[in-house]
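The next block holds one structure in the form of structure tokens; read it before the comments.
The values are calculated or read from the model by the stated rules, or taken from the named source; none is laboratory data. The model shown is predicted, which means the values in this text are computed figures rather than measured ones. Backbone-built Cβ (ideal geometry, glycine too); neighbour counts: all protein chains shown.
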Amino acid sequence: MTCTPCQTTHGDERDERILDLLCRLVSINTEHAEAAEGAPFGEGCARALALVLDECAARGFSVERVNDMIGWAQVGTAGPLVGFPVHLDVVLAGDGWSRDPFTATIVDGVLYGRGVMDNKISAAILIELLDELKAREAELPCRFRIIFGTDEESGMGDMRSYLAAGGEQPEMGFVPDAAFPIINGEKAQAHIVLTHAVGLPEGVEISGGTMSNVVPFDASARVSLEFVDADAEARAGMLPVEASASDGVLAISASGRSAHASTPQKGENAIAKLVNAVVSLLPEEAAAGCEALCDVARCLCAGTDGTALGIDCDDDVFGGTTVNLGTLSADVDGVTVDLDIRYGRGIDEGQIVDSISSALGDAWTCEVVGGKPVHLVDEGDACVRALLGAYERVTGLPGSCSVMGGGTYASLLPALVAFGPKFPDTHCGAHGVDEHVSLENIVRATDVYREALQAIIALAAKEEE
């Protein structure tokens, strides 16, 4: 059934308002799209940003649209700035959903839709909670600001623009875009584009993937029958791909399983499956003309820990390196590969570029087009302790800190940690098909965040004394 406020079974007006706003946000497709005037990341992102700012203005918040990428809403007029950065953009929905990803739908107490967990849930919850504080705004010892971004999934150019424009850095707060209890550290990240100008022989084409930070779930290739043996179609039937020959072309496709690029080992990379299959089907003389594809198979399709590239490095806090082969486009005009690499403190960006260049050879160009440094906040930080206390009081569960490979706005805001909204031992399908969140999770996260805001108020008041 389609989601409407009356369909929540909790009967709480607060929860119904949160659900209503969340459903309205999900109904806006905020995948990155072609830029337009006033919409650098597409009309959907611009509409969602306008929706939340209008909603906050209608509730009496102070509102500022910094630019067409980002804006904020604030309650409180004095004291330190407490920040809650959220993002309205989403990764591509892709195929394979059991329902329309942009129609919020409740089935058996679970809400489905792209962005319900990553990260529109947090925008809806925090708007409601700041609304509760509005009546006592004059007595608040701090300023609460929700920062609404629209480019978190594709490089965080929105937050960089906020900071470049002189946007105030929060002194306290959290990024509600990960998991409970607290993520106080994030690996460094490098978005790398590899290009091979020679390309593939005419008659060989292969492509797959949508974004560097998503494990690709499908990939396809077209190989002229002149490049393969007569039994290639039959041999392909023994590989983890689908293949059919027609009109002089062998069409090959591979299916995988999406996952976040921070944990590529949890997914199944369709590009890697396809490239390995195509290379195995090429006779030796044909493979000699597909050096770039063979390089990809040798260095990028043999695992996710960077060993084949010489960048595997274990950190006692952050763990090992991960490499996600996110997109591939290869034909007669050239070969282009997008990589998402997450790493700890035992290696740096320059060493990564040098190692990749050495592994692939001189025919390849390796360019870093985005990234961020390692982020780590001390576990003894006063705000961290306050947030953990709030989590423990509401859930009855022990609070603790951990680190992750995923990247959030916290990496650009040194005082902040990631805090929820996903609870331990729950699955939400973020960055995959059928992304979902239970109504119980929404209510429970709201309760934790409400308690966290009260804990921050107490902390700010104490520091004011």
- Item | In segment 340-363, the residues that are closer than 12 Å to Leu194 by Cα, in a helix (DSSP H, G or I) and under 26 Å from the mean Cα position of the chain (by Cα) | Val353, Ile356
- Message: Tell me the residue from Leu293, Leu300, Leu281 that is under 24 Å from the mean Cα position of the chain (by Cα) and either among the hydrophobic types (A, V, I, L, M, F, W, C) or over 23 Å from Asp348 (Cα atoms) (or both), please.
- Response: Leu300
- Query: What number goes with the only condition from (1) crowded, with 18+ Cβ neighbours inside 10 Å; (2) over 22 Å from the mean Cα position of the chain (by Cα) that Ala104 does not pass?
  - Reply: (2)
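Take the residues of segment 171-218 that are assigned to a strand (DSSP E or B) and under 22 Å from Pro283 (Cβ atoms): which is nearest to the chain's Cα centre (by Cα)? Explain how you work it out, then say what you get.
Residues of segment 171-218 that are assigned to a strand (DSSP E or B), as a first pass: 172-175, 178-179, 182-186, 188-196, 204-208, 214, 218.
From what is left, the residues that are under 22 Å from Pro283 (Cβ atoms) are 196, 204-206.
On the way: His196: 27, Val204: 32, Glu205: 29, Ile206: 25 Å.
Going through the qualifying residues, I end up with Ile206.
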- The lone condition Cys428 fails out of (1) over 15 Å from the mean Cα position of the chain (by Cα); (2) outside any helix (DSSP H, G or I) is (1)
- Message: Exactly one condition in (1) touching a Leu at 6+ places or on another chain (Cβ under 9 Å); (2) outside the structural domain of Thr321 (by TED's automatic domain parsing); (3) not in a loop (DSSP other than H, G, I, E, B) is false for Cys366; which is it?
- Response: (2)
- Phe174 fails exactly one of the following numbered conditions: (1) closer than 26 Å to Asp95 by Cβ; (2) surrounded by 18 or more Cβ atoms within 10 Å (Cβ to Cβ). What is the number of that condition? (1)
- Query: Do any residues in segment 285-297 that are assigned by TED's automatic domain parsing to the domain that holds Leu225 and surrounded by fewer than 19 Cβ atoms within 10 Å (Cβ to Cβ) have Cβ atoms under 8 Å from those of residues that are β-branched (Val, Ile, Thr) and part of a helix (DSSP H, G or I), where the two are at least six apart or on different chains, and which pairs are they?
  - Reply: Ala287/Val279; Cys294/Val279
- Look at Gly44 and say whether it is assigned by TED's automatic domain parsing to the domain that holds Asp447, modelled with pLDDT of 95 or more, under 16 Å from Thr103 (Cα atoms) and not basic (Lys, Arg). yes
